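Everything on this sheet refers to the single structure shown next.
The values are calculated or read from the model by the stated rules, or taken from the named source; none is laboratory data. As the structure is a computational prediction, the values presented were derived from the model and not from experiment. We place every Cβ from the backbone using ideal geometry, glycine too, and count neighbours over all the protein chains shown.
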Amino acid sequence: MKIQWSLILALIFALITAVFAVINVEQVEVNLLFSSVKLPLILLILGSVLLGGIIVGAFGIYRGYRQQRQIKQLNAKLAHIQEVTGYDPDKVPADSSSPADSSGSAAGSVPLSAEDSQISPGQTSADDKETGR
């Protein structure tokens, strides 16, 4: 969908540029560094738009190339880490797929001992006294 909107916007921009260029057909003098030239304004407008499009396209191609190179480097790094650690993404343990166990507590939480479960809201446990909480 994004490509379609980009194409539609590009066509609208091209249409506006063409209308603007056709309206401006008179001769203008363009000063270059060492000389000056008389050109129809339509050629100057279309040439500027074309040059701008080439520059933007070149930057887009360079950015895509740089991203592809980075993706290759990161994939190689990932493969190396998987090889060193022995991690296989296809063999994920069954218990890590569910975030909560059957009692509703979070997976990986430490079960409360009998001592911890008998502390009332205003009291502190022995662990809290040792750590200064």
What are the pairs, 6+ residues apart or on separate chains, where a residue within region 45-66 that is assigned to a helix (DSSP H, G or I) has its Cβ under 8 Å from a residue that is at pLDDT below 90 and among the β-branched types (V, I, T)?
I45/T17; L46/T17; V49/T17
Within region 70-110, residues modelled with pLDDT under 80, within 31 Å of the chain's Cα centre (by Cα) and either among the basic types (K, R) or in a loop (DSSP other than H, G, I, E, B) (or both) come out as V92, P93, S97, S98, P99
Enumeration of residues in region 1-18 that are exposed (fewer than 10 other Cβ atoms within 10 Å of the Cβ) and either in a helix (DSSP H, G or I) or among the polar types (S, T, N, Q) (or both):
K2, I3, Q4, W5
Test each condition in (1) modelled with pLDDT of 95 or more; (2) not in a helix (DSSP H, G or I) for V28 and report the one that comes out false.
(1)
